[in-house]
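The values are calculated or read from the model by the stated rules, or taken from the named source; none is laboratory data. Keep in mind it's a predicted model, so treat the numbers as computed, not measured. Backbone-built Cβ (ideal geometry, glycine too); neighbour counts: all protein chains shown.
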Amino acid sequence: MKNLVIIESPPKAHTIQSCLGQNYKVVASKGHVKDLPKSSFGIDIDNDFAPHYINIRGKGDLIKELKKEAKNANKVFLATDPDREGEAISWHLASALDLDPARTYRVTFNELTKSAIKTAIKAPRQIDMNLVNAQQSRRILDRIVGYKLSPLLWKKVRHGLSAGRVQSVATRLVVEREEEIRAFVPVEYWTVAAKLSAGGTEFAVRYFGDSATGNKVKLSSESEAMAVVNAVKGKDMTVKSVKRGVKYKTPAPPFTTSLCSRRLRASSASNPQG
């Protein structure tokens with residue numbers, strides 16, 4: 001009897017199979033096999049938000065085949081992705097395939113190399129329910145928010161739009177920002193700047209305010225700005241005090257893929273060696 005390894009993505013199966021050898025058989029679940037129903041709410045809010053999962057429509061034959069393979073296997077290794085989504089998929093697989101806990105193991109690896117895969121197989125663990133519950137919380141929140149808000153969007157905006165925990169918060173941020181823009185009252189202001197020189201050194205200065213009181217003065221019209229210009233035109237300036245300090249300038253962060261694409265018109269597949 002061979003050991004069965006269940007992964008998510010079919011394209012990875014051949015590579016993992018070649019790393020493990022003939023004593024293992026690698027098959028793919030092609031993502032989730034169970035989910036909340038599409039035709040009903042699927043969350044019992046009055047019963048501690050208990051979710052009601054069903055087998056995903058269209059995956060019946062796949063589940064039957066995986067169940068047959070698991071029944072004939074010595075051990076079953078659930079090697080779905082090493083994140084909370086992958087942990088939930090492993091949990092759903094254990095339920096949908098009626099796997100025996102005594103011979104079912106969870107393994108994860110972050111790279112498709114022979115050493116990483118074999119190391120993972122040698123150090124199996126149980127399904128981490130903390131990660132599973134984290135995924136369930138996200139999924140349940142998606143359903144509660146989306147199932148209630150989507151019909152409202154269809155009625156008020158356009159049919160087919162989807163509302164969820166991310167879209168709803170993003171929409172709220174957009175609305176708040178738009179309200180700020182509409183409530184903004186433009187205020188006219190002017191600045192007065194000049195280039196001065198002393199001892200052969202040129203430097204720029206800007207009008208700050210009243211030298212007698214030391215208070216900053218805002219110039220809100222052209223006439224106020226011109227009054228300052230006329231008051232100092234042709235006159236010598238006096239430096240009353242000098243403040244010295246150290247300023248630090250940090251370089252710009254490295255380009256992200258999207259920023260590089262926009263700024264340099266370079267695709268992510270570009271070869272830097274030409």
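Determine if segment 208-228 includes at least one residue that is in contact with a Lys or Arg (Cβ under 6 Å, 6 or more places away or on another chain) and either farther than 19 Å from LYS243 by Cα or exposed (fewer than 10 other Cβ atoms within 10 Å of the Cβ) (or both).
The answer is no; no qualifying residue exists.
Go through segment 114-136 and give me each residue that's among the polar types (S, T, N, Q) and over 27 Å from the mean Cα position of the chain (by Cα).
SER115, THR119, GLN126
Suppose we filter segment 195-216 for residues that are of a type outside the set (S, T, N, Q), under 18 Å from VAL229 (Cα atoms), part of a strand (DSSP E or B) and without any contact (Cβ under 8 Å) to a residue 40 or more places away in the chain; how many remain?
Result for segment 195-216: 7.
Name the single residue that is farthest from SER29 (Cα to Cα) among those in segment 108-137 being of a type in the set (Lys, Arg) and surrounded by fewer than 12 Cβ atoms within 10 Å (Cβ to Cβ). Give the steps one after another, and end with the answer.
Just the residues of segment 108-137 that are of a type in the set (Lys, Arg), to begin with: 114, 118, 122, 125.
Still in the running and surrounded by fewer than 12 Cβ atoms within 10 Å (Cβ to Cβ): 122, 125.
Numbers: LYS122: 22, ARG125: 20 Å.
Looking at the filtered set, the residue picked out is LYS122.
Conditions tested, residue by residue: (1) charged (D, E, K, R); (2) in a loop (DSSP other than H, G, I, E, B).
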residue: GLU87; (1), (2): yes, no
residue: SER95; (1), (2): no, no
residue: ASP98; (1), (2): yes, yes
residue: GLU111; (1), (2): yes, yes
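Among the residues of segment 141-150, is any exposed (fewer than 10 other Cβ atoms within 10 Å of the Cβ), more than 30 Å from GLU65 (Cα to Cα) and in contact (Cβ under 8 Å) with a residue 12 or more places away in the chain?
The answer is no; no qualifying residue exists.
Can you name the number of the only condition in (1) in the same structural domain as LYS12 (by TED's automatic domain parsing); (2) free of Cβ contacts under 8 Å to residues at least 12 places away in the same chain that LEU66 fails?
(2)
Among (1) under 28 Å from the mean Cα position of the chain (by Cα); (2) among the aromatic types (Phe, Trp, Tyr); (3) surrounded by 19 or more Cβ atoms within 10 Å (Cβ to Cβ), where does TYR105 come up short?
Just one mismatch for TYR105, condition (1).
Of the numbered conditions (1) among the aliphatic types (A, V, I, L, M); (2) modelled with pLDDT of 95 or more; (3) part of a helix (DSSP H, G or I), LEU149 fails exactly one; give the number of that condition.
Just one mismatch for LEU149, condition (2).
Looking only at segment 168-178, decide whether some residue is closer than 30 Å to HIS92 by Cα and outside the structural domain of TYR53 (by TED's automatic domain parsing).
First pass over segment 168-178, keeping only residues closer than 30 Å to HIS92 by Cα: 168-169.
Then keep just the ones that are outside the structural domain of TYR53 (by TED's automatic domain parsing); that gives 168-169.
Scanning segment 168-178 turns up at least one residue that is closer than 30 Å to HIS92 by Cα and outside the structural domain of TYR53 (by TED's automatic domain parsing).
Table: residues versus (1) among the charged types (D, E, K, R); (2) farther than 30 Å from LYS38 by Cα.
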residue: VAL174; (1), (2): no, no
residue: VAL187; (1), (2): no, yes
residue: LYS195; (1), (2): yes, yes
residue: GLY209; (1), (2): no, yes
residue: VAL217; (1), (2): no, yes
residue: SER223; (1), (2): no, yes
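Conditions (1) farther than 24 Å from ILE43 by Cβ; (2) exposed (fewer than 10 other Cβ atoms within 10 Å of the Cβ), marked per residue:
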{"site": "ARG165", "(1), (2)": "no, no"}
{"site": "SER168", "(1), (2)": "no, no"}
{"site": "THR171", "(1), (2)": "no, no"}
{"site": "VAL174", "(1), (2)": "yes, no"}
{"site": "ALA183", "(1), (2)": "yes, yes"}
{"site": "GLU202", "(1), (2)": "yes, yes"}
{"site": "ARG206", "(1), (2)": "yes, yes"}
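Among the listed residues LYS34, LYS75, which satisfies the condition of being basic (Lys, Arg), at pLDDT 95 or above and within 32 Å of the chain's Cα centre (by Cα)? Break it down stepwise before answering.
Working: LYS75 fails: within 32 Å of the chain's Cα centre (by Cα).
Among LYS34, LYS75, only LYS34 is basic (Lys, Arg), at pLDDT 95 or above and within 32 Å of the chain's Cα centre (by Cα).
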